[in-house]
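Heads up, the thing below is written out as structure tokens.
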Amino acid sequence: MESMKMKLFVAVVVMLIAACNVAGQEAPAAAPGPASGAGVFVPTAVASIIALSSSYGELGTGNTKSKEDVCCPPHDVHYDCLRGDSQDTGNDSFNTFFSETGSGKNVPRAVYVDLEPTVIDEVRTGTYRQLFHPEQLISGKEDAANNFARGHYTVGKEILELCLDRVRKLVDNCTGLQGFMVFNAVGGGTGSGLGSLLLERLSVEYGKKPKLGFSIFPSPQVSTAVVEPYNSVLSTHSLLEHTDVVALLDNEAIYDICRRALDIARPTYTNLNRLISQIISSLTTSLRFDGAINVDITEFQTNLVPYPRIHFMLSSYAPVISSVRAHHEQNSVSEITTAVFEPSNMMAKCDPTHGKYMACCLMYRGEVIPKDVNAAIGSVKTKRTVQFVDWCPTGFKCGINYQAPTVVPGGDLAKTRRAVSMISNNTAVGEVFNRIDHKFDLMYAKRAFVHWYVGEGMEEGEFSEAREDLAALEKDYEEVGQDVAEEEEEEE
């Protein structure tokens, strides 16, 4: 097998932090906070990361450590940035995520940005402080106060050029820029406002380089900010135009998984961070290690997006199992494949059985062979609960990597011999947007809180424009879910 070619991938992480929650604190059992899951993400970012934060969920320090804990050990990278003897420092796959300095240290190709200094300061003084170049940690002096307009037009705009300058430096050090990874939460001020602003500039400066996103959307029953619907609609309006693939996440769904599968009565943000880090680690394994069937990240766009606007995905991971249960379960390829299609294992509150699949990408790792994968997928196709649109008969894209799943020593997840992560395009995603749009309409009908946005430089017409765009998106999802036969009957 040919050795994997080095491919660099710039990741933009939009990191959102709640001022009221500190990493490691227990979150209220009945009231999970929204944006802990997709925060500071380093080793699985390829080439560079920008992290932004605002008072929307605790999505900073804990997530940095979680992803480092999951992703550094396979590459034998220690807290002091030095590498052990078990790896070849000249390995191209390793260099996709780390760059070696003149002193022999290995530094993630990453930048972290926060509109207020609290959480970035924790990174600066934490376990992984030696892992980052000081220039990679950028913090402002005040947050966006849950206001899209502050993140986009005023406070966020002040540090935009500094962020872009750091990205340019990292891009200049890439031998071949493949694209960007984006991590953001759409309900806060910085994640929505500054996140949108950065995406717009990246589109201008780097043309058609693909952007893959992981976005925390507001939970159905739990809210940490009254104006979440405004921020979400305005941010999604930007994601539609300036990203190519977006995986939807929400904390309520991930809290439920932790309680049910890991027997954690009161999950903390650390628990959530570690679970999401497994998905992101699995999806990028093929960039970092060789395997039987490797999947390039750019292939996600090619295989998952039938139409440019229909690019919002569901994600799931299996097995999510505690150490206590691990010794009593087999976790065969067939079992874990079935598990990732279960509605209860989706990382967003969205039931895929209410819609139809257009495409699925399954990323296996560990002791997995193609024969078992084919048998497992054949079994899934026979299930009535897994329905595909009739105009996409194939539907599956698979990747197999021999690198075993990595877990945090002493953590919640058990060490397993194999695992699978799925990212899928399902028409039921329209439910998420319908839910947000309904809440938006209730407030906007009274023009409630609109003056705070207008006062920061927004025009009221931007609300209407964004809402109309999402209404069109809902309609798009309805239409792609229709069978060919139904469309022909309507034409007659």
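The values are calculated or read from the model by the stated rules, or taken from the named source; none is laboratory data. The structure displayed is predicted, hence computed values, not measured ones. Please note: Cβ atoms are built from the backbone with ideal geometry, for glycine as well, and neighbour counts cover all protein chains shown.
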Exclusive hit being crowded, with 24+ Cβ neighbours inside 10 Å and touching a residue at least 60 places away in the same chain (Cβ under 8 Å), set Leu275, Leu240: Leu275
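Residues checked against (1) surrounded by fewer than 17 Cβ atoms within 10 Å (Cβ to Cβ); (2) over 25 Å from Ile254 (Cα atoms); (3) of a type in the set (Gly, Ala, Ser); (4) modelled with pLDDT of 95 or more:
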{"position": "Met358", "(1), (2), (3), (4)": "no, no, no, yes"}
{"position": "Lys381", "(1), (2), (3), (4)": "yes, yes, no, no"}
{"position": "Pro393", "(1), (2), (3), (4)": "yes, yes, no, no"}
{"position": "Cys398", "(1), (2), (3), (4)": "no, no, no, no"}
{"position": "Ala414", "(1), (2), (3), (4)": "no, no, yes, no"}
{"position": "Ser424", "(1), (2), (3), (4)": "no, no, yes, yes"}
{"position": "Ile436", "(1), (2), (3), (4)": "no, no, no, yes"}
{"position": "Phe440", "(1), (2), (3), (4)": "no, no, no, yes"}
Odd one out for Glu456 among (1) at pLDDT 95 or above; (2) in a helix (DSSP H, G or I): (2)
Within the stretch 434-454, tally of residues that are of a type outside the set (A, V, I, L, M), over 30 Å from Gly355 (Cα atoms) and in contact with a helix residue (DSSP H, G or I) (Cβ under 8 Å, 6 or more places away or on another chain): 3
Neighbours by Cβ (under 8 Å, 6+ apart or cross-chain): first from the stretch 456-482, in contact (Cβ under 8 Å) with a residue 60 or more places away in the chain; second in a helix (DSSP H, G or I) and surrounded by fewer than 16 Cβ atoms within 10 Å (Cβ to Cβ): Arg467/Asp441
Elements of type helices (runs of 4 or more DSSP H) contained in the stretch 127-210, each with 3 or more residues being without any contact (Cβ under 8 Å) to a residue 60 or more places away in the chain and among the charged types (D, E, K, R): 155-172, 195-206
So Val226, is it farther than 30 Å from Arg109 by Cβ and either among the charged types (D, E, K, R) or surrounded by fewer than 24 Cβ atoms within 10 Å (Cβ to Cβ) (or both): yes
Identity of the residue in the stretch 309-320, assigned to a loop (DSSP other than H, G, I, E, B) and at pLDDT below 95, that ends up farthest from Ile336 (Cα to Cα): Val320
Residue that is modelled with the lowest pLDDT, among those in the stretch 282-293 that are in contact with a strand residue (DSSP E or B) (Cβ under 6 Å, 6 or more places away or on another chain) and in a loop (DSSP other than H, G, I, E, B): Ala292
Selected residue (only one of Glu342, Glu329 is under 14 Å from Val420 (Cα atoms) and free of Cβ contacts under 8 Å to residues at least 60 places away in the same chain): Glu342
